[in-house]
Every structure is written in C-alpha cells, then in structure tokens.
1. Considering only residues that are open to solvent by 80 Å² or more (accessible area, probe 1.4 Å) and within 22 Å of the chain's Cα centre (by Cα), which ones fall in region 37-51?
2. Does Ala413 satisfy being closer than 25 Å to Ile447 by Cα and modelled with pLDDT under 95?
3. So which pairs qualify, if the first residue must be in region 76-90 and more than 20 Å from Lys64 (Cβ to Cβ), the second must be assigned to a loop (DSSP other than H, G, I, E, B) and open to solvent by less than 10 Å² (accessible area, probe 1.4 Å), the Cβ gap must be under 7 Å, and the two must be at least 6 apart or on different chains?
4. At least 2 residues that are touching a residue at least 40 places away in the same chain (Cβ under 8 Å), of a type in the set (A, V, I, L, M) and open to solvent by 40 Å² or more (accessible area, probe 1.4 Å) in each: list the strands (runs of 3 or more DSSP E) lying fully within region 392-452 that qualify.
5. Quick one: in region 72-125, of everything that is of a type in the set (A, V, I, L, M, F, W, C) and in a loop (DSSP other than H, G, I, E, B), which residue is most open to solvent (accessible area, probe 1.4 Å)?
6. Pick out the one residue from Ser303, Ser318, Ser275 that is in a loop (DSSP other than H, G, I, E, B) and more than 25 Å from Thr121 (Cα to Cα).
7. Among the residues of region 9-17, is there at least one that is surrounded by fewer than 20 Cβ atoms within 10 Å (Cβ to Cβ) and closer than 27 Å to Met449 by Cβ?
8. Can you list the helices (runs of 4 or more DSSP H) lying wholly within region 153-260 that have 3 or more residues being free of Cβ contacts under 8 Å to residues at least 40 places away in the same chain and either among the hydrophobic types (A, V, I, L, M, F, W, C) or open to solvent by 40 Å² or more (accessible area, probe 1.4 Å) (or both)?
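The values are calculated or read from the model by the stated rules, or taken from the named source; none is laboratory data. Note that the coordinates shown come from a computational prediction; the quantities given were computed from them, not determined experimentally. Glycine gets a Cβ as well: all are built from the backbone with ideal geometry, and neighbour counts include every protein chain shown. The accessibility values were calculated without ligands, DNA or RNA, using every heavy atom of the protein model including side chains. Shrake-Rupley method; radii C 1.70, N 1.55, O 1.52, S 1.80 Å.
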Amino acid sequence: MNAAFEASLSEAIGKDRLEQALEGLSQPASVSVRLNPSKKEGVHLPILDGAVPVPWSEHGFLLKERPVFTLHPLFHSGVYYVQDSSAMFVGEAVRSKLPMLHGLDRPVRVLDLCAAPGGKTTDLAASLRTEFGDGFVLVANEVMHNRATILADNVGRWGDPNVIVTSADPKAFARLEGFFDLIVADVPCSGEGMFRKDEEAVAQWSPDTVALCASRQRRIVADVWPALRSEGIFVYSTCTFNREENDVNTRWICDELGAENIGVPDEYDGLIRTSEGCSLVPGFVPGEGQFCSAMKKTCGPDSMCVKPLKIKPDALQSMVQKFFEIPVCTRQKGDMIVAVPAVIAAEAGLVASALPVIASGCAVGQLKGKDLVPDEDLALCTALRKGAFATASVDKPTALAFLHKDPIVLTDAPKSIVMLLYKGVPLGFVKNLGNRTNNLHPQSRRIRMEIK
C-alpha cells in the first residue's frame, strides 16, 4: 500500500483504525442493489434470496454474490438499480433534511450536480416522490456529454417523469440564481474508495493529486453556489477519505461561501464521525467508501419565483394525455414528442431556457404520418395509464430475445402496438404483425453479450 496514502488515511480516521481500514481495502468489493419503490410491489427477485438490508437505505440490499445483471430483464425494466451500499448513504443524508423543505407553495426544486451514471439521481427521485408525491422537480446534471447520455438512459429506465437531465458546466447554473432548494454535489475526487477496483490508482496516489482534486472541488461548489437559495440545503459528498477533500472543504464552504453545518445521520454502526460529517470506510462498513456532509446556506438570494404554466389544449395534447394518469404538457424535440408533468412544466421550461437539456419528463414517441411509434421510455414511465396499450406477458427467454433485438413472435396478441410485460412489469414495445413483430427496443440499449 502507498505509504503516503496510509499516512493520509491515518490522519483522517485515526491511527487506531488504520489497520482495520487497510484490511478492509484488501478485501473483495461487496455487491448491492436498490429497489425502485414505484415498481417493486408484487415482484419476486431471486437475487434477493439471502440478501442483507443496507442499514441506511430502506430499499437497499447487499447481495450474496454478483449475478450477471445484464441477463436480468427486471434490471432493464428499472425495478432495481445496482449501486454501492456506502454511496446509498448520501440518499439517507438527503432524506434526513427533506422535512425542512415542506410548506412551499410550489414544487420542491433539487439539483444532482454530478449525477452520472445515475445511482444518486434514482435514489433522490424515489425519496422525493415518497416525501412530496408529484410536487418536486429533480435536475440531474453531468458535464461530460457521453456520460450524460448514460445518465439519461438510466433515468429513463427508472421511469420517474419529474426528472430533467442536463449536460452543463457547474458555472452555467448561476443563470438560475436562487432556483434550487437543495443541491447534492457528489464531486469528482481522488477516488480512494475505488482502490479495490484499481491497483494502479493506489500506486499513483499522491498528496499533489489530493490537492488538485480539493481545489477543483472548491471551484465546482463556488460555481454552482449562486443557484442555491438562501436557507437552501447543500449536501456534499466524495468517495474518498482524506481530510483535505472532505472536512477541510466542508469547512471552507461554510466559512467562505456562507453556510451552517447541519450534520448528517451518524447513528449507524461502523460510521466514522469526522469534524464536519461522516466517513464510511471499508473494514468498518460494506461498500467502497463515502464521505458526506450537509450544510444550510446562510446568505444569498431568496427563492426564484416561477409563474405556473397554463396548459393550452391542442390536438397533440389530447392525443398524448390519454397515455398518462397525470396531467401533462407536451412539446416536440425534433421528431420526438415529449410529455412533462403539468405540475413542473413551468420549472422545466425555465431549466430548458437556461441549460442544455438531454432529457425531460417522458419521451412519448415519434409521429409517423398519423401513427405514433411509442418510445420505450413511455412503457417504463411510472405515470403510464394502465390499459393505455395492449399487453403480452413473456417468459425470460423471450424477454431476453426482445432486449437483444432478436425476432420474437406473439401468436395470441392483437395486431397492433403491444407492450411486453415480464413478471407483470413493462419491458418495452413491439408492433405485432401476426407472423412476426417489429422490435421497438432502442438499438442503443440492446444487450450486446451472448444470451444463450
């Protein structure tokens, strides 16, 4: 192990804990998943047999072994998300602060600043929906466009229409001054929590790398800080352990930007309380490791006012509304029809006017003449109206063939657009022609590995 890293870790967690932490870092990584509360009811997941609950996540479970998730149709349906158990602690830190956001006369506005690939975004979406119902908007941002595309795919699978995916530099959010009530920043870091996955990273670790990361983290936070309203909540996290990127930066945010440390839950076994937050370290808790702190902004602009958007019914609106259980507003993005929940339409419009939006609400489909070719995200959307499409239940081999974009045949289904169900959960669409089907699964999401 890198001697300089050992010295840094000892300073961060205490010399008496060092040996146990180093032993933990030498062990194989654990495997965990988090269920989607909007899709999990009545679904049996064999991978949960013998699983152990994650203490700080109601829907999180540590698995006995790592399955081949790609060959699980319910993974593609968004019934669960594969996420490190210690990373789930950020969601718990957020949940502990959500009661502070009740009483607003508008949707709660949340930003997940460094969101790819989507673990914390999907956790936030589930927690916000539990706490506020339809009354929230979650902006999930990723500055790297290729990673933002992956984020949008994972958000689409999760199926919550109140999420907007953007791809912007943190400084661009200053255009939305005072807009957000809560910002989560899981900032890029030196990645000490990833050492079990990358031995070369251990050898390359240096104090200079830590200093560079800490400086970049301060820039990121300072750039996005104007977008948080006064009295808004800021949750800061890293997957590293050193003081410079964690406690020192948290204290810098409070002292230099104007915030009060309001603490995070620390009652769970194995958590290491630090001067400014909590550290989750292998050897003491399962998972790769995480640091988390929470602050309340003490200065800056009041909440930005946004006028509610009135729905103007038209032919497109009438056609799309029949697919949803909630009121939606429609727009076209190129040849794609998009539906946004009416309750957040004003906020979504403002975000779109200020930032590059990758995905918003639910992609409904494309018009081909007078016919609508539905997008897979419509099938996976939790706001889809029951009975909106004809359905056909399929077994696992057929589900995997569909996801592989192989030809499938539905002998008993109507000749129309048919939504496939696997274990009662929507999987996607085909156009059934009787003796064959047109597979509407997106090429970009197809399973590329051998399935037989």
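1. Hit for region 37-51 is Glu41, nothing else.
2. Numbers: closer than 25 Å to Ile447 by Cα: yes; modelled with pLDDT under 95: yes.
Yes.
3. Gly78/Asn36; Gly78/Gly159; Phe89/Trp56
4. Numbers: elements: 417-422, 425-432, 437-439.
Those strands (runs of 3 or more DSSP E) do not exist here; none qualify.
5. Leu104
6. Answer to the check: Ser275.
7. First pass over region 9-17, keeping only residues surrounded by fewer than 20 Cβ atoms within 10 Å (Cβ to Cβ): 10-11, 14-17.
The next check asks that each one be closer than 27 Å to Met449 by Cβ; those that pass are none.
No - not one qualifying residue is present in region 9-17.
8. On the way: elements: 199-204, 207-224, 249-252.
Hits in region 153-260: 199-204, 207-224.
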